[in-house]
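Worksheet for the structure shown next.
Nothing in this text is a laboratory measurement; each read-out follows from the coordinates by a stated rule. Keep in mind it's a predicted model, so treat the numbers as computed, not measured. Positions of Cβ are generated from backbone atoms using ideal geometry, with glycine treated the same way; all protein chains shown enter the neighbour counts.
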Amino acid sequence: MTSLRSWRRAVATALLTTTLVAGSIAAPAVAADNPYQRGPEPSRSSIEAARGAFAVAQTSVSRYLVSGFGGGTIYYPTDQSQGTFGAVVVAPGYTARQSSIAWLGPRLASQGFVVLTIDTTTVYDQPASRGDQLLAAVDYLTQRSSVTGRVDAGRVAVIGHSMGGGGTLEAVKDRPSLKAAIPLTPWNTDKTWPEVTTPTLVIGAESDTIAPVASHARPFYQTLPSATPRTYLELRGASHFAPNTSNTTIASSSISWLKRFVDNDTRYTQFLCPAPSGSVFSAVSTSCPF
C-alpha cells in the first residue's frame with residue numbers, strides 16, 4: 001500500500017509539473033504572436049462604451065511651438081506597464097477647429113492609443129494641405145512631442161472629417177507606411193484613389209448635402225485597389241456633421257478598425273467581418289475577409 005501511494009504521488013507530481021511548465025510556455029507564445037495587443041478581451045459593449053479600459057491624460061500643443069500644422073491636443077493612456085501604444089492623428093474639416101473632433105481624442109485614447117487632434121494652419125486649408133499637415137503632425141507626435149516615449153512610431157493611423165477626411169486619403173497616398181486611414185464624411189475634388197494601399201474605412205452619411213456620398217464617399221471607396229483592405233459604412237439619415245458629436249457607430253467602427261490594423265489585433269475582426277449590418281446603415285460594403 002505504501003508503494004502504491006508513493007507511485008500515485010509521483011504520477012500526480014509529474015502531471016502537475018507538466019501542466020505548470022506547459023502553461024508557462026504557452027503564455028509568452030500568445031504574447032509573441034502579437035506584441036501590440038493592448039487591453040482586455042473586447043466585446044460589443046466595450047467598443048461602444050463612452051470610455052475604454054485605460055485612464056487618459058492630455059496635454060496641449062501650442063501652434064507656436066510646432067511647424068507644418070496648427071497645434072492641437074494629445075490624449076494618451078497613463079498606463080506605462082504595457083509598453084508603447086499605436087498612435088492616431090485626427091484632422092477637422094473646412095472652417096472647423098479641433099474642437100469639432102475633440103470627442104474622438106479621449107474616446108480612442110481610452111482604448112489604448114495615443115491620439116493627437118490637430119488644428120490646421122488656417123481653417124480654409126484644402127485637402128492636399130490637410131494631408132501634408134496630418135503627416136507633419138505624425139512626425140511631431142512620434143519624434144518631438146512630450147509623449148514620444150509612449151508611441152510606437154511604426155504604428156500610426158490618420159482620421160479626418162470632411163476636407164480633413166479628404167486629407168487622410170492624401171496622407172496615405174503620400175505615405176503608404178501608415179497603418180490605417182478613416183475618412184469621415186470626406187470631401188475632395190480628387191475622386192479616384194488607386195494609389196492607396198493603406199487599410200481604409202470610409203464612413204459616409206446618407207443625407208450629406210455638403211459632401212454627397214454619390215460624388216465623394218462612395219467613389220472614394222469604390223476606386224480603392226481591390227487588394228487594399230477596405231470597408232464602406234453609410235450612416236442612415238445622417239448629415240455631413242455626424243462626426244462632430246459623440247457617435248457610437250463611428251466610435252465603435254473606428255476602434256475596431258484601428259485595433260485590427262494598427263495593433264494587428266485579430267480579436268476585433270469579429271466586429272468588422274462579416275460586414276456590419278442593421279438599421280443604422282443605409283449602405284455597407286467591405287473587402288472581408290482580412
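Laid out as a table, the results:
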item	result
Estimated FRET transfer efficiency (Thr189, Gln37; beta-carbon r; R0 41 Å; 0.05)	0.55
For the chain, calculated [θ]222 nm from helices alone, where every DSSP H run of n ≥ 4 adds -39500 (n - 2.57)	-10000 deg cm²/dmol
Estimated distance in nm for a label pair at Ser277 and Gln82, the labels positioned 7 Å out from Cα along Cα-to-Cβ	3.2
Among [x] 63, 60, 34; [y] 89, 43, 32; [z] 66, 40, 39, the entry that matches Cα extents along the principal axes in Å as calculated here	[y]
R0 of 30 Å, Cβ-Cβ distance Glu48-Arg144: FRET efficiency to nearest 0.05	0.30
Net lengthening on full extension, Thr248/Thr122 (0.36 nm per residue, minus Cα-Cα)	42.4 nm
Taking region 175-289 and dividing mean pair separation by its residue count, relative contact order in percent (alpha carbons under 8 Å, at least six apart)	26
Rounded if a/c under 1.5, otherwise prolate or oblate - region 146-290, Cα gyration tensor axes	rounded
³J(HN,Hα), Karplus 6.51/-1.76/1.60, whole Hz, each residue of region 94-107, x for Gly, Pro	4, 6, 9, 10, 4, 4, 6, 10, 5, 4, 6, x, x, 5
Sparsely packed chymotrypsin sites (Phe, Trp or Tyr not before Pro) within region 45-137, loop by DSSP, other Cβ within 10 Å at most 14	Tyr124
Most to least packed among 162-173, 236-247 [average Cβ atoms within 10 Å]	162-173, 236-247
Average Cα contact separation per residue, the chain, under 8 Å, 6 or more apart, as relative contact order %	15
Amide hydrogen neighbours beyond the local backbone of Ser110, cut-off 5 Å, H modeled	Gly52
Amide H contacts of Gly154 (H built 1.01 Å from N, under 5 Å, at least 5 apart or other chain)	none
